[in-house]
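The values are calculated or read from the model by the stated rules, or taken from the named source; none is laboratory data. Predicted model, so just to flag it, every value in this text is computed and none were measured. Using ideal geometry, Cβ is built from the backbone for each residue, glycine included, and neighbour counts are taken over all protein chains shown. Quick note on the areas: whole protein, heavy atoms, side chains included, nothing else; ligands and nucleic acids left out. Shrake-Rupley method; radii C 1.70, N 1.55, O 1.52, S 1.80 Å.
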Amino acid sequence: MNKSFRIGSKTISRNSPVFIVAEISANHNQDYNRALEIIHAAGEAGADAVKLQTYTPDSITLDCDDECFQINEGTIWDGTTLYKLYSEAFTPWEWQPRLKEEAKKLGLECFSSPFDLTSVDFLEEMDVPAYKIASYEINDIPLIRKIARLHKPMIFATGIAYPEDIRRALDVCVQEGCEDVILLKCTSSYPTPYEAVNLNVIPTLAKTYDCLTGISDHTMGTIVSAGAIPLGAKMVEKHLTLRRADGGPDGAFSMEPEEFRQMVQQIRILEKALGSSEYVLTDTQKLEHEGSRSLFVVKDIEKGDLLSPENIRSIRPGNGLHTMYYEEVLGKRAKDFLKKGTPLAWELIE
């Protein structure tokens, strides 16, 4: 898989800044103006992109009350049906081209998760720069194949995917000539308990599937997303809402704007702090190294006198002989008078 590609104007690579995505999902609460506010909040908080979801209740499931369509898995949505949940959560399609234009005005990329073949056609008319495959769709081979043939970057959530699901999806991408792929470590639990995150899987994904990796984070707070960065995450996706108190299907586990801003700041600080893996001193450190210990005359020494522990010591700064010569110089004689505070040098010793 390619280790460098672009999503719109942004490059994603092992050496690029982390690509930070604000997931709007259902947090618009069926209010177009609220969706616009969230996009503006994402831009102000420092996101690189906003992400939509493109489906209708009829394109993602059936209007059926049979047991298998009931939600009863210990989630925040228990007690309703899939159809009722998605009727409340979907983003009206007529909004989406306008939301993308608004994002563009703010310098944000805007892409989406399609959930059926018709939504791909719709998103192509919008000319989205990338596609996100939700983990529940990672086994939808016809959907993946259709998108892969477009040769646009594909982002896969791996939340409920078995290893063979990931391999099969990536094989389809390769078959169709699409190798701009990133895998997101994801736990499909809302909100995700910290002990279920398993951030250490991120480098495992990178090594196993030879691709870029990131995280789709559903925990509360900023620490997990920030913690993914030293492990190689090059994309971070977090749900964003205006206020959790406003409710909505995804509101309870979404970030508020100030929290999102803090996360972005922490990630950018971490990127600077991580720096290079090559052990070299900076120019500043090289200058500071001159302040390290060395051998000095610490008591006046007359010409011909012996150098001893009483008149030669290892002290700061580093202007004298290296301390590794301490044992070697003891017992030698001074060529001339050596004043206290003189950096010791070979030319001063007989």
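Observations on the structure shown:
- All positions within region 153-167 that are open to solvent by 30 Å² or more (accessible area, probe 1.4 Å) and either aliphatic (A, V, I, L, M) or in contact with a helix residue (DSSP H, G or I) (Cβ under 9 Å, 6 or more places away or on another chain) (or both): ILE160, PRO163, ARG167
- Of the strands (runs of 3 or more DSSP E) lying entirely inside region 168-242, not one is found with 2 or more residues being surrounded by fewer than 23 Cβ atoms within 10 Å (Cβ to Cβ) and acidic (Asp, Glu).
- Counting only helices (runs of 4 or more DSSP H) that sit wholly inside region 244-350, those with at least 1 residues that are under 30 Å from ALA228 (Cα atoms) and not β-branched (Val, Ile, Thr) are 257-274, 283-289.
- Flag for ALA26 being open to solvent by less than 10 Å² (accessible area, probe 1.4 Å), within 14 Å of THR91 (Cβ to Cβ), assigned to a loop (DSSP other than H, G, I, E, B) and not basic (Lys, Arg): yes
- SER59 being under 24 Å from ARG145 (Cα atoms), in a helix (DSSP H, G or I), open to solvent by less than 40 Å² (accessible area, probe 1.4 Å) and polar (S, T, N, Q): yes
- Listed by first and then second residue, the pairs with beta-carbon distance under 6 Å, at least 6 apart or on different chains, first residue in region 322-340 and within 17 Å of GLY304 (Cβ to Cβ) and open to solvent by less than 90 Å² (accessible area, probe 1.4 Å), second among the hydrophobic types (A, V, I, L, M, F, W, C) and in a loop (DSSP other than H, G, I, E, B), are VAL329/LEU307; LEU330/LEU307; LYS332/LEU307.
Listed here are the residues, each with its yes/no results for (1) open to solvent by 50 Å² or more (accessible area, probe 1.4 Å); (2) at pLDDT below 95.
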position	(1), (2)
GLY79	yes, yes
ALA89	no, yes
LEU123	no, no
PRO129	no, no
